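Worksheet: the structure to be examined is printed underneath.
The values are calculated or read from the model by the stated rules, or taken from the named source; none is laboratory data. Being a predicted model, the structure only gives us computed values, none of them experimental. We place every Cβ from the backbone using ideal geometry, glycine too, and count neighbours over all the protein chains shown. What goes into the accessible areas is simple: the full protein's heavy atoms, side chains included, and nothing from ligands, DNA or RNA. Shrake-Rupley method; radii C 1.70, N 1.55, O 1.52, S 1.80 Å.
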Amino acid sequence: MDLKLKLEQLHQRVIHLKDQINTEEATKNAFVMPFIQILGYDIFNPTEVVPEHICDIGTKKGEKVDYIIKKDDEPILIIECKHWKESADAHNSQLHRYFHVSKARFGVLTNGLNYNFYTDLEKPNIMDEKPFLTISIEDLKDNAIKILESFTKKDYHLETILDSAEALKYIKAIRKEFEKEIETPSDEMVKLLVSRFFEKPLTANRMVAFKEYTRKALTTSINDSISYRLKSALNINEKIEVPQEQKVNPIDDNNDLPKVVTTEEEMEAFHIVKAILREKISAERIAARDTQSYFGVLLDDNNRKPLCRFHFNSANKYIELFHHGKDAGEKRLLQSLDEIYQHRSELHLTIQNYQ
């Protein structure tokens, strides 16, 4: 049965039962255990779903996490549950402690209605403060369900989830900053836009005026775009013809990502890097992974071990190097692919960082 359909059935169960659920234990039995079962894990198999697992934390002994999910005898997910009337955001410090002593890469805090998924994108083995994914049984979204599929027993894949987690984290952050700019444009935003058409100095008075102009311009532009889309949707008898080269796919949370196209130039660059890296490691350990925004070269096909990235999707071409660490990428402009050979030492140093 389709995952979304199963979750919708669970939602109906929640609606009918929640007013009779008076304890945290009842919440776990009525809501959380069926959710785990929907993901394909055997709640009656203690080697797969481990209830009340002991997580000793420093001098505190006997601390227990509600559930640990295992796959191939390895912990992949810890789940901490609260009563359905409690907020699923209120106790993440407790989950944070459990996460630190667990080998699982993902933690879930839930009240049976909302499921907040956490990982360690910021610092290894330290749970991030904010969840990268929230599943609401009462408001199911297709894009969230698609990511949830990667947590099912049948389709679980660590690297796929980590890729999705990183993308979701930064998309949310960028969207939040954009919304702040719309509400109250920053000096940096105003200067960036105004400098393209206004050549005079931006005095303090002019900055105040242009901030208001920017706010009105952004708001008007968005409102006009929404209005146009609504009119287009409502005017079902009028077919709007758009030239092929001008068609744009709207980007929102529910759209599937367009297919990734690997170019010959990217493959040529990959073979150059592979030749350089083979001076230090075997070819089998050098993997390629193309995405929409960059072409990545990985050690052992592990996205936590980037060797370099190619940014060839704009007029200028760059290679991103990681010799200062995986979280300190440094872009270098390439006038030609042959210039990749000039970065042999940085590529070799990157390998050493992972050994």
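Looking at the stretch 275-293, I want the residues that are open to solvent by less than 70 Å² (accessible area, probe 1.4 Å) and have a partner that is small (Gly, Ala, Ser) with Cβ atoms under 6 Å, at least 6 apart or on another chain. Which pairs are those?
That search, which allows pairs on different chains as well, returns 289/296.
If I filter the stretch 106-115 for residues that are assigned to a loop (DSSP other than H, G, I, E, B) and surrounded by fewer than 22 Cβ atoms within 10 Å (Cβ to Cβ), do I get at least one hit? It would help to see each step written out before you state the result.
Step one: list which residues in the stretch 106-115 are assigned to a loop (DSSP other than H, G, I, E, B), which gives 111-113.
In the following step, the residues that additionally are surrounded by fewer than 22 Cβ atoms within 10 Å (Cβ to Cβ) were identified as 113.
Within the stretch 106-115, one or more residues are assigned to a loop (DSSP other than H, G, I, E, B) and surrounded by fewer than 22 Cβ atoms within 10 Å (Cβ to Cβ).
Exactly one of (1) modelled with pLDDT under 90; (2) part of a helix (DSSP H, G or I) is unmet by residue 270. Its number?
Of (1) modelled with pLDDT under 90; (2) part of a helix (DSSP H, G or I), only one is false for residue 270: (1).
Yes or no: residue 49 at pLDDT 90 or above, open to solvent by less than 10 Å² (accessible area, probe 1.4 Å) and over 21 Å from residue 134 (Cα atoms)? First the steps, then the outcome.
Details: at pLDDT 90 or above: yes; open to solvent by less than 10 Å² (accessible area, probe 1.4 Å): yes; over 21 Å from residue 134 (Cα atoms): yes.
Spelling it out, residue 49 is indeed at pLDDT 90 or above, open to solvent by less than 10 Å² (accessible area, probe 1.4 Å) and over 21 Å from residue 134 (Cα atoms).
Got a sec? Which of 226, 171, 161 is open to solvent by less than 70 Å² (accessible area, probe 1.4 Å) and modelled with pLDDT under 90? Explain how you work it out, then say what you get.
Details: 226 fails: open to solvent by less than 70 Å² (accessible area, probe 1.4 Å); 171 fails: open to solvent by less than 70 Å² (accessible area, probe 1.4 Å).
On inspection, the qualifying residue turns out to be 161.
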